[in-house]
Each structure stands twice: as C-alpha cells, then as structure tokens.
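Each remark here refers to the structure printed beneath this line.
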Amino acid sequence: LNPNKLIIVDNSEHNLYLINQELSSYKSNNKIISKLGNVASKLFVKSLFEEIKIDILFHAAAYKHVPLVENNPIEAVFNNVFSTLYLCEEAFKFKIMKFIFISSDKAVRPTNLMGATKRIGELIIQSFHQRYQINSNINNKTSTNFSMVRFGNVMGSSGSVVPLFEKQISEGGPITITHKKIIRYFMTIKEAAQLVLHVAGISKGGEVFLLDMGKPVSIKYLAEQMIKLSGLTLKDDNNPNGDIEIIY
C-alpha cells in the first residue's frame with residue numbers, strides 16, 4: 001500500500017534481520033526503519049514514539065505458544081499485557097490515528113493463560129477507547145482510534161501447529177496433541193494480513209473484528225491427514241505396525 005515509512009520492531013535480532021532482508025528485496029521506494037527493542041519496556045516505547053512520527057500502529061507482539069506461556073506465567077503476563085498497556089498510553093499521548101491490536105480466538109472464554117493475557121489486552125484496548133472517547137467529546141479533540149482483530153491458527157506462522165506436526169512426522173513421530181477433542185480455526189498468512197489492513201480502513205474505534213474462517217478443524221483429524229499426505233500410516237491399536245503414533 002506504499003506507506004511513506006514502515007517501522008518494524010522486534011526484540012529478536014535474528015528475526016529482525018530476516019524480515020528486514022525480505023522487505024528490502026521488494027522494488028519499492030519505501031523507507032524501512034528497523035528498531036531492535038522490547039515493547040514491554042516502557043522506556044523503549046516512549047523513546048520510539050518520541051523519535052518517529054507514527055500514524056498507524058499494528059500491535060502483534062505476544063508470547064503465543066500455550067505450553068510455554070503456561071510454564072512461564074510472570075514473563076508471559078509482563079510481555080502480553082504490559083506491552084499493550086505501554087503502547088496504548090504512548091499512542092494516545094502522541095495522538096496517533098489508529099491502533100490495531102492483534103488478539104486471538106483463545107481470548108474467548110479463555111481456558112489457558114495465553115488466552116487470558118490476550119483477553120486482558122482486549123480489555124485494555126476497550127478501556128482506552130472508552131476513556132479517550134469521553135475525553136475527546138468533552139474537549140472536542142480527536143483521539144486515537146483503538147480496535148482489535150481476533151485470529152485463529154495462522155498456517156505457517158511461528159505460532160502455528162502445522163510446522164510442529166511436519167517436524168514431528170519428519171523425525172518419525174510421535175505427534176503430540178493436548179487433547180483428543182481440540183478444534184481450531186485456520187487461516188493463511190495472506191488472509192491474516194489482508195484482514196488487519198482492512199480493519200485499519202474500516203474501524204471506527206472500540207470494535208472486535210473477526211474473520212469468517214469457516215468451520216473449525218479437529219486437530220486430531222489434521223494430524224491424521226498430515227500423516228497420510230506424507231505417505232505414511234497412523235500407528236494405533238488398529239494398526240500397531242503403522243509409522244507415526246499420536247499421543248495425548
């Protein structure tokens with residue numbers, strides 16, 4: 001969409017280098033600014049907004065691997081919740097146009113800590129929208145448009161279960177699943193990116209946007225199909241001589 005500047009922020013030097021190389025390969029006049037830092041640091045966030053004029057902010061930073069988040073609750077809460085709070089504070093202070101928060105379908109009636117932290121993030125976004133909507137009405141001043149998007153499982157992303165299953169299959173198994181009845185909605189990276197950009201165009205403030213991702217897929221069924229498509233067979237009670245076992 002040819003922005004004047006594209007500022008990309010990551011606390012991983014390696015990932016920042018990779019995405020910078022990828023974006024720089026496109027034939028474009030866009031100015032890409034790569035910032036190495038942690039948005040859960042209040043000082044870093046403050047310095048970022050002071051240094052660069054930002055119009056639209058897409059907040060996608062979060063720990064999202066459910067078992068890791070469950071085992072590291074303090075760091076997970078600090079990263080997922082406080083990064084959102086600090087960014088919201090500075091976004092309103094500097095009167096940026098739009099703030100898009102990337103949430104998760106796990107935030108709906110959360111049953112794990114990852115989902116709970118994303119739900120808290122949503123509540124922070126809604127709180128800022130309500131508070132500053134009142135402020136702008138009283139003082140007749142424009143304020144930041146806060147909105148959010150909920151995603152399902154993005155195929156091929158760092159948080160997707162598909163690359164994990166591929167790795168487990170290539171290593172001869174077993175495939176590990178949390179529970180037999182788990183279901184997930186799936187979308188592609190392209191669909192996710194288009195949804196976020198679409199939201200930036202149509203949001204009025206305070207909304208939760210969801211992509212119609214069709215019917216949910218059973219993770220057990222997904223694993224079985226991936227085994228089959230790899231030219232292998234499922235190892236279970238009915239086929240003890242199969243190639244790949246699924247354990248729960």
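The values are calculated or read from the model by the stated rules, or taken from the named source; none is laboratory data. It should be emphasised that the depicted structure is a prediction, and the values quoted were computed from it without experimental measurement. Counting neighbours? That spans all protein chains shown, and the Cβs are built from the backbone with ideal geometry, glycine included. The accessibility values were calculated without ligands, DNA or RNA, using every heavy atom of the protein model including side chains. Shrake-Rupley method; radii C 1.70, N 1.55, O 1.52, S 1.80 Å.
Look through the stretch 146-189, keep the residues that are of a type in the set (Ser, Thr, Tyr) and over 20 Å from LEU18 (Cβ atoms), and return whichever of them is most open to solvent (accessible area, probe 1.4 Å). Top of the filtered list is THR178.
Would you say LEU164 is farther than 21 Å from ILE100 by Cβ and assigned to a loop (DSSP other than H, G, I, E, B)? Steps first, please.
Values: farther than 21 Å from ILE100 by Cβ: yes; assigned to a loop (DSSP other than H, G, I, E, B): no.
Here the answer is no, as LEU164 does not meet what is asked.
If you take the residues of the stretch 62-116 that are among the polar types (S, T, N, Q) and more than 28 Å from ASP212 (Cβ to Cβ), which of them is most open to solvent (accessible area, probe 1.4 Å)? Lay out the reasoning, then the answer.
Of the stretch 62-116, the ones among the polar types (S, T, N, Q) are 71-72, 79-80, 83-84, 103-104, 111-112.
Checking the rest, the ones that are also more than 28 Å from ASP212 (Cβ to Cβ) come to 71-72, 79, 83.
Working: ASN71: 117, ASN72: 77, ASN79: 11, SER83: 1 Å².
Going through the qualifying residues, I end up with ASN71.
Might you let me know whether the stretch 43-61 holds any residue that is exposed (fewer than 13 other Cβ atoms within 10 Å of the Cβ), in contact with a Leu (Cβ under 7 Å, 6 or more places away or on another chain) and over 21 Å from MET148 (Cβ atoms)? No, the stretch 43-61 has no match at all.
The rows are residues; the columns are (1) at pLDDT 90 or above; (2) out of contact with any Leu (no Cβ under 9 Å at 6 or more places or on another chain).
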site: SER104; (1), (2): no, yes
site: GLY121; (1), (2): yes, no
site: ILE124; (1), (2): yes, no
site: GLN130; (1), (2): no, yes
site: ASN137; (1), (2): no, yes
site: ASN153; (1), (2): no, yes
site: SER170; (1), (2): yes, yes
site: GLY173; (1), (2): no, no
site: MET187; (1), (2): no, no
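If only residues of the stretch 36-70 that are among the basic types (Lys, Arg) and in contact with a strand residue (DSSP E or B) (Cβ under 9 Å, 6 or more places away or on another chain) are counted, the one that is modelled with the lowest pLDDT is LYS64. Residue pairs whose Cβ atoms lie under 9 Å apart, separated by 6 or more positions or on different chains, with the first residue in the stretch 103-118 and in a loop (DSSP other than H, G, I, E, B) and the second of a type in the set (D, E, K, R) and crowded, with 20+ Cβ neighbours inside 10 Å, are VAL108/ARG150; PRO110/LYS118; ASN112/LYS106.
Do we find a residue being touching an Asp or Glu at 6+ places or on another chain (Cβ under 8 Å) and within 28 Å of GLY242 (Cα to Cα) anywhere in the stretch 157-172? So far as the stretch 157-172 goes, yes, one or more of its residues are touching an Asp or Glu at 6+ places or on another chain (Cβ under 8 Å) and within 28 Å of GLY242 (Cα to Cα). Kindly check whether there is at least one residue in the stretch 68-85 that is among the acidic types (Asp, Glu) and in contact (Cβ under 8 Å) with a residue 60 or more places away in the chain. Scanning the stretch 68-85, I find no residue that is among the acidic types (Asp, Glu) and in contact (Cβ under 8 Å) with a residue 60 or more places away in the chain, so the answer is no.
LEU6 - would you say it is in contact with a strand residue (DSSP E or B) (Cβ under 9 Å, 6 or more places away or on another chain) and closer than 24 Å to THR117 by Cβ? It is false that LEU6 is in contact with a strand residue (DSSP E or B) (Cβ under 9 Å, 6 or more places away or on another chain) and closer than 24 Å to THR117 by Cβ. Every condition in (1) crowded, with 16+ Cβ neighbours inside 10 Å; (2) free of Cβ contacts under 8 Å to residues at least 60 places away in the same chain is met by MET226 except one, and the failing one is (2).
Looking at the structure I just gave you, is TYR248 surrounded by fewer than 17 Cβ atoms within 10 Å (Cβ to Cβ), touching a His at 6+ places or on another chain (Cβ under 7 Å) and either within 20 Å of ILE177 (Cα to Cα) or not charged (D, E, K, R) (or both)? Working first, answer last.
Working: surrounded by fewer than 17 Cβ atoms within 10 Å (Cβ to Cβ): yes; touching a His at 6+ places or on another chain (Cβ under 7 Å): yes; either within 20 Å of ILE177 (Cα to Cα) or not charged (D, E, K, R) (or both): yes.
Yes; evaluated as a whole, the condition is true for this residue.
Here are some conditions: (1) surrounded by fewer than 13 Cβ atoms within 10 Å (Cβ to Cβ); (2) of a type outside the set (S, T, N, Q); (3) not in a loop (DSSP other than H, G, I, E, B). LEU195 meets all but one. Which one does it not meet? All conditions are met except number (1).
For the stretch 201-223, the tally of residues that are on the phi < 0 side of the Ramachandran plot and assigned to a loop (DSSP other than H, G, I, E, B) stands at 8.
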